[in-house]
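Student: My questions will all concern the structure given below.
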Amino acid sequence: MSASSNGVANGAGGTCKIDLKDPQLLKTNCFIGGKFVPAAKEDGEGWFDVFNPATGELVAKVADGGKVTTQQAIETAKSAFDSWKKLTAVERSTILKKWFDLIIQNADDLGKIMTTEQGKPLPEAVGEIKYGASFVEFFAEEAKRLYGDIIPAGAQTRALVIPQPVGVCGLVTPWNFPCAMLTRKAAPALAAGCTVVCKPSEMTPLSALALCELAVRAGVPAGVLNVVPGFHAQPIGEELTTNPIVRKISFTGSTAVGKKLMMQSSSTVKKVSLELGGLAPFIVMEDANMDAAVSGLIACKFRNNGQTCICANRVYVHSSIYDKFAEKVVEKVKSLRVGNGMEAGVNLGPLINEKAVEKVDRHIKDAVSKGAKVLIGGSPHSLGGLFYQPTVMTNMTDSMVMSCEETFGPVIGLFKFDSEDEVLKRANNTNYGLASYLYTSDLARAWRMAEALESGMVGLNEPMISTATVPFGGVKESGIGREGSKYGIAEYVNLKYVLMGGIVPSS
Ligand SMILES: NC(=O)c1ccc[n+]([C@@H]2O[C@H](COP(=O)([O-])OP(=O)(O)OC[C@H]3O[C@@H](n4cnc5c(N)ncnc54)[C@H](O)[C@@H]3O)[C@@H](O)[C@H]2O)c1
Ligand SMILES: O=CCCC(=O)O
């Protein structure tokens, strides 16, 4: 079956038309060698459905790539690597800046595509497009600052260190930030001189493909950026991780899949970066500015309806302020509006799929069965479908699933604690270590606790920690490597050491 020219085809549950200023941004084929092409014959030349999580309508039928399509993309990226790496940093930077400009110019359309396939409210989707674009801008600049070193050596020698692009990179990205997770990888890779093959989530391939259309317009040469969408992730992932041409895998997604890709990548000893799951503790000390902590928690927890890897998952509140804090949080949650993200005034869209709804429901039921008290919400929303009520629970204990499993939904569970030592122990008692949040007015305590928290990132009296300029990433089973900042481009280079001899010292 083939998609119609605007990418919209008839589905049993109705179809969904996206009202775009530029309909050419809605692409449904694979993007290989600078062209939108069907999946390979050997992969069946099939299509898979992308649904709108708010309405259940079919948004588009997208080319269903597999192993052979991925092989073709890898070969294409390999051919493009030779000339792309030879461009000067300024030449690559100029192209990336053009891509950035086009993403910003088309932010409204890109936001509509994202809201339609992912569900987040339109203003939040447009916000993600701008956030995603900021990685392209940042790394366009950073391309020009990929410095090497000269190290003093012997009397007649000098040791040189040259950063060189690693080669073809396989980038695997999730559905929760379909634009920013891709640009956070592709922009530094391209800036460093690498070429890439991306596999977006099967739930949100349209955002990735729209970025490709803009890359063509920006002058990104054919084969430098390739995207293979596919319903079955495994064959694409297997090819990316075992094909010897691919020299680097960068993955964002669940810890379980990250471990698998890391293991698969070991057969060809690839460089690996992993941005995985989190279980962020959000700690409110007795000396915190309570209103700031409440607002911070709402911003942090409900970003993307709780479906963000750095969302607070365990909220620890000092026993002396616990009841008041809970009351204030409930007041704020009452004002959150749930609905279709295309409607004005909506704060929380749908969850991504049935599995996500079941997980949220399971976490709440587990907590309630062990003594938690639901102050607001606690069940699916009356809108039905994938909508869930924003929920606040008290009386949380460490025996509940929410204390050790990522919820990825709009649920706040408040855990009581009595001392700094106790809360640090409980916060660190997990294999995850992505983000932590701490609210306190005591500067010495802020330093002490920030240093003691076992996570790659800490928000100190601050819930919104992500920007292109800082190193994003986790410790323990939350990941390896950093994205964003000067450290983000380092993930896409190998350092070559050259010993230069024959230097005759001046007399
Ligand atoms: N640390 C971070 O920066 C970060 C950012 C966003 C999301 N996440 C995490 O991602 C998870 C949610 O995303 P998700 O549900 O899309 O995760 P997921 O692991 O199910 O999927 C992520 C991507 O991997 C693909 N995939 C799944 N199985 C694969 C396989 N066998 N081989 C190759 N690719 C495979 C999926 O199709 C998707 O493209 C959460 O755990 C969240 O915390 C982490
Ligand atoms: O889901 C995790 C990534 C979101 C972010 O970059 O802040």
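Every number here is computed from the coordinates shown, using simple stated rules; none is lab data. Everything numeric here is computed off the predicted structure, so don't read it as measured data. Neighbour counts are summed over all protein chains in view; Cβ atoms, including those assigned to glycine, are modelled from backbone coordinates with ideal geometry.
Student: Name the long-range amide H neighbours of CYS30: under 5 Å, sequence gap of 5 or more, or other chain; modelled H, no Pro or chain starts.
Tutor: VAL37, ALA39, ALA63
Student: What Kirkwood Rh does the chain have if only Cα atoms enter the pairwise 1/r average? Answer in Å.
Tutor: 23.7
Student: Got a sec? Which residues in the stretch 464-507 would a label at ALA153 touch, if it sits 7 Å along Cα→Cβ and we count backbone N under 13 Å?
Tutor: Zone members listed by number: 496-504.
Student: Please give the FRET efficiency for LYS370 paired with ASP108, using the beta carbon to beta carbon distance and R0 = 56 Å, rounded to the nearest 0.05.
Tutor: Numbers: r = 46 Å, r/R0 = 0.82.
With a Förster radius of 56 Å, E is 0.75.
Student: Once phi is turned into θ = phi - 60°, what whole-Hz ³J(HN,Hα) does the Karplus curve with 6.51, -1.76 and 1.60 give for every residue of the stretch 440-450, x standing for Gly and Pro?
Tutor: 7, 9, 9, 4, 5, 5, 4, 4, 4, 6, 4
Student: Given labels modelled 7 Å from the Cα in the Cβ direction, how far is it in nm from GLU42 to ASP82?
Tutor: 2.2
Student: According to the square roots a ≥ b ≥ c of the eigenvalues of the Cα gyration tensor, what is the shape class of the stretch 227-277, taking rounded for a/c under 1.5, prolate for a/b larger than b/c otherwise, and oblate for the remainder?
Tutor: oblate
Student: Give a residue-ordered list of calculated ³J(HN,Hα) values for the stretch 470-475 (Karplus: 6.51 cos²θ - 1.76 cosθ + 1.60, θ = phi - 60°; whole Hz; x for Gly, Pro).
Tutor: 10, x, 9, x, x, 10
Student: Also, quick follow-up: Mind ranking 343-354, 193-204 by how tightly packed they are, going by the mean number of other C-beta atoms within 10 angstrom, highest first?
Tutor: Details: 343-354: 18.6, 193-204: 25.6.
Listed from highest to lowest mean packing, they are 193-204, 343-354.
Student: Could you pull out every residue, at least 5 positions away or on a different chain, whose amide H is within less than 5 Å of the one on VAL458? Hs are placed 1.01 Å off N in the peptide plane, and Pro or chain starts have none.
Tutor: So VAL458 has HN proximity to SER436.
Student: Given the Cα-Cα distance of VAL401 and ALA89 and 0.36 nm per residue of separation, how much length would full extension add, in nm?
Tutor: Values: separation 312, 0.36 × 312 = 112.32 nm, distance 4.90 nm.
Roughly 107.4 nm would be gained on extension.
Student: Moving to a separate point now. Using 5 Å bins from zero, what percent of all Cα-Cα pairs in the stretch 333-396 falls into each bin?
Tutor: Over the stretch 333-396, the share of Cα pairs per 5 Å bin runs 4, 19, 26, 23, 17, 8, 3, 1 percent.
Student: Still on this structure, please answer the following. Using a/c under 1.5 as the rounded threshold, could you call the stretch 285-360 rounded, prolate or oblate? The axes a ≥ b ≥ c are square roots of the C-alpha gyration tensor eigenvalues, and prolate needs a/b larger than b/c, oblate otherwise.
Tutor: Because a/c hits 1.5 or more and a/b exceeds b/c, the stretch 285-360 counts as prolate.
Student: Could you let me know the centre-to-centre spacing of the stretch 472-507 and the stretch 86-113, using Cα atoms, in angstrom?
Tutor: Using only Cα atoms to place each centre, the spacing works out to 26 Å.
Student: Taking θ as phi - 60°, what are the ³J(HN,Hα) couplings along the stretch 148-157 by the Karplus curve (6.51, -1.76, 1.60), each to the nearest whole Hz, with x for Gly and Pro?
Tutor: Those phi angles translate into x, 9, 10, 10, x, 10, x, 4, 10, 9 Hz.
Student: At ASN429 and SER319, where each label point lies 7 Å from the Cα along Cα→Cβ, what is the point-to-point distance in nanometres?
Tutor: 1.5
Student: If only Cα atoms are counted, what is the Rg of the stretch 431-507, and what is its Dmax, in Å?
Tutor: 19.4, 62
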